[in-house]
Amino acid sequence: MKEGLSRRFISVWRRNLTVYRESWKVNFLPPLLEPLFYLLAFGVGFSGLINGVRYDGVDVPYPRFIAPALIAINIMNNAFFENTYGSFVRMYYQKTFDAMMATPLNAEEIITGEIVWGATKSLIGTLIMLAVISVFGLVNYPMALLIVPAAFLGGFAFGSLAMIFTGMVRTIELFNLPIFLFITPMFLFGGTFFPTANLPLWAQQVAWILPLTHLVDLSRELAFGRFGGEALVALCYLVVFCAVTYPLAIYVMRRRLIK
Amino acid sequence: MMNGVMTARPVIAARNLKKYFGGFAAVDDVSFDVPKGICFGMLGPNGAGKTSTIRMIYGFSPISSGSLFVFGEDIQTRARRVKSRIGVCQQENTLDPDLTVMQNFEVFARYFNLNEKTARERAENLLRFFALEQRRQARATELSGGMVRRLMIARALINEPELLILDEPTTGLDPQSRHQLWERLEHLKRQGMTILLTTHYMDEAARLCDDLLIMDGGKILTRGSPQALISAHTGENIIEVAEPDDALRDFARRSGVRQEDLGHRLIIYAENGHELYRELCGRFRHETCVLRSATLEDVFLRLTGRELRE
């Protein structure tokens, strides 16, 4: 059983793709409509209240400021929800992993296939959102194209984090806890709808520890057409985050799957 | 010479096999061989260690101690090779509910690195063999209980395994579905497939198994063919007496045959029960006495007791 990871994890990924394609019309809707709703609410609805945001010493129009953050939030949500609720349903209710464990696949390949699938959903969502946001001319090409590989990296990071929770919770209701404690605060305070610089210093420091802050930074820098020191720091953070959470996810899930 | 050695090698060889969960021994020092081409049964009450044992055989659970060789390969180091040659039908429905019958085959075939063409050809043959060809495009959730079982077994055969492992394959099925499934399994056996089966149905074990073992508390209680086990543990006939009175009890005790007194029911195990039965009927009320052939169920209950397990 100590045979490690092989390319066979792709068959797990393809299983999820096959299921996704069965209901792709429904799956395409949220990333298509979500940015429209947000841009309408914050761009038009707030337009009288907020003229622009002071970011990096420059005034940025508000829709331009939040558009890359909406992409980052979508990356987080896609992977996190896929590898919590989605993976848990497959593991616990559908016994999909049990069936896989009786084939030449091993636990590492199953978990890796799941996380890579979560990252793929982030990537698909990002492609759709980028298209919508580009129609409004809110991102600078060609640099913004790098948001696509960044989406995969960010998805892998949040998917690995999600898989750790999946390996730990006893019931599906318990996912409320990490969502309430991590996802919602990151969504609000991760430099998404206002710069972290507006926060008190201690809160800025907390925000810096959280992964979404860096994914927002990276996405925003690329959307503004820049790839400098700030983007590099964010990129390094996300790589290190994956290097910690992915092996931990394998460890926790192995302990759960192998009885 | 080499060939002779190859065919003589058992498909499964377990030696002093143990499985612990914390301090609890689910499988406690079990040794057995399963030769090629037979249907081998594992019987036992709930919690006997059957599923734990077969999970070690198909590489799902690591073994705690002892040794386990499948196809002559050590399951601890060669699990992937072993698993590619086994087909497993687990107790629970593990089909992909969002996919059609055909898609279930295609997805599963990829886990074995089979190419699409091979997968489709084999799936078509298996659908025909298990009378599912009309349901090719049906979703897995639309199938009846019997069809789900057949599809589970069909899917387990997609890699053309040399060993088929079935964990309670007919639990919850109606009699028609059970008989249809038994026929299919007998057909597979005739083709030379080695089958490992767990079941709670003694009629199923008696019909399908060439050899079987009865487990309880993680240990093997006995092993043999169904007929040999009946001869060894109960004798040919059973006389059951409902509501026996003291006079009948006395008579039975004095006759010196093996018996079990359940209070409202007296069970007498007899090698040749006809004579004793006639005598009982002559002396006592005959309408409460029944003479019947001993079955595997009698062996099972005699060995594992009659108390509830859960």
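Answer with yes or no whether A:Gly225 is over 19 Å from the mean Cα position of the chain (by Cα), more than 14 Å from A:Ala79 (Cβ to Cβ) and not in a helix (DSSP H, G or I).
Considered against the rule, which asks whether it is over 19 Å from the mean Cα position of the chain (by Cα), more than 14 Å from A:Ala79 (Cβ to Cβ) and not in a helix (DSSP H, G or I), A:Gly225 comes out as yes.
Just to verify a result, which residue in region B:259-270, among those that are among the aliphatic types (A, V, I, L, M) and out of contact with any helix residue (DSSP H, G or I) (no Cβ under 7 Å at 6 or more places or on another chain), is surrounded by the fewest Cβ atoms within 10 Å (Cβ to Cβ)? Walk me through it before giving the result.
Kept after step one, since they are among the aliphatic types (A, V, I, L, M), are these residues of region B:259-270: B:262, B:266-268, B:270.
Applying the additional criterion that residues be out of contact with any helix residue (DSSP H, G or I) (no Cβ under 7 Å at 6 or more places or on another chain) yields B:262, B:267.
Details: B:Leu262: 10, B:Ile267: 18.
Applying the filter and picking the extreme gives B:Leu262.
Within region A:27-64, take every residue that is among the acidic types (Asp, Glu) and out of contact with any Gly (no Cβ under 7 Å at 6 or more places or on another chain) and give me the one that is nearest to A:Ala223 (Cα to Cα).
Within region A:27-64, the subset among the acidic types (Asp, Glu) is A:34, A:56, A:59.
Pick out the ones that are also out of contact with any Gly (no Cβ under 7 Å at 6 or more places or on another chain) and you get A:34, A:56.
Working: A:Glu34: 18, A:Asp56: 14 Å.
Out of the qualifying residues, it is A:Asp56.
Would you mind telling me which numbered condition in (1) surrounded by fewer than 22 Cβ atoms within 10 Å (Cβ to Cβ); (2) more than 17 Å from A:Ala69 (Cα to Cα) A:Phe189 fails?
Every listed condition holds for A:Phe189 apart from (2).
I'd like to check which strands (runs of 3 or more DSSP E) are fully inside region B:32-113 and have at least 3 residues that are closer than 26 Å to B:His187 by Cα and within 10 Å of another protein chain (Cβ to nearest Cβ).
On the way: elements: B:39-43, B:65-70, B:86-89.
Counting at least 3 such residues, we get B:86-89.
Exactly one of these conditions fails for B:Ile86: (1) under 20 Å from B:Met193 (Cβ atoms); (2) among the β-branched types (Val, Ile, Thr); (3) without any contact (Cβ under 8 Å) to a residue 40 or more places away in the chain. Give me its number.
Evaluating B:Ile86 over (1) under 20 Å from B:Met193 (Cβ atoms); (2) among the β-branched types (Val, Ile, Thr); (3) without any contact (Cβ under 8 Å) to a residue 40 or more places away in the chain leaves (3) as the failure.
Residue check, B:Asn16 against (1) surrounded by fewer than 16 Cβ atoms within 10 Å (Cβ to Cβ); (2) within 10 Å of chain A (Cβ to nearest Cβ), all met but one. Which one?
Here B:Asn16 meets the rest and fails (2).
From B:Gly235, B:Gly256, B:Gly273, which residue is exposed (fewer than 14 other Cβ atoms within 10 Å of the Cβ), at pLDDT below 85 and closer than 28 Å to B:Ile214 by Cα?
Details: B:Gly235 fails: exposed (fewer than 14 other Cβ atoms within 10 Å of the Cβ); B:Gly273 fails: exposed (fewer than 14 other Cβ atoms within 10 Å of the Cβ).
Within the list B:Gly235, B:Gly256, B:Gly273, the selection yields B:Gly256.
Which members of region B:145-195 meet the condition of being more than 13 Å from chain A (Cβ to nearest Cβ) and assigned to a strand (DSSP E or B)?
B:Thr194, B:Ile195
Here are some conditions: (1) of a type outside the set (Lys, Arg); (2) within 12 Å of chain A (Cβ to nearest Cβ); (3) part of a strand (DSSP E or B). B:Asp28 meets all but one. Which one does it not meet?
Only one criterion in (1) of a type outside the set (Lys, Arg); (2) within 12 Å of chain A (Cβ to nearest Cβ); (3) part of a strand (DSSP E or B) is unmet by B:Asp28, namely (2).
The values are calculated or read from the model by the stated rules, or taken from the named source; none is laboratory data. Everything quoted here is computed from the prediction, not taken from an experiment. Virtual Cβ from ideal backbone geometry, glycine too; neighbours counted across all protein chains shown.
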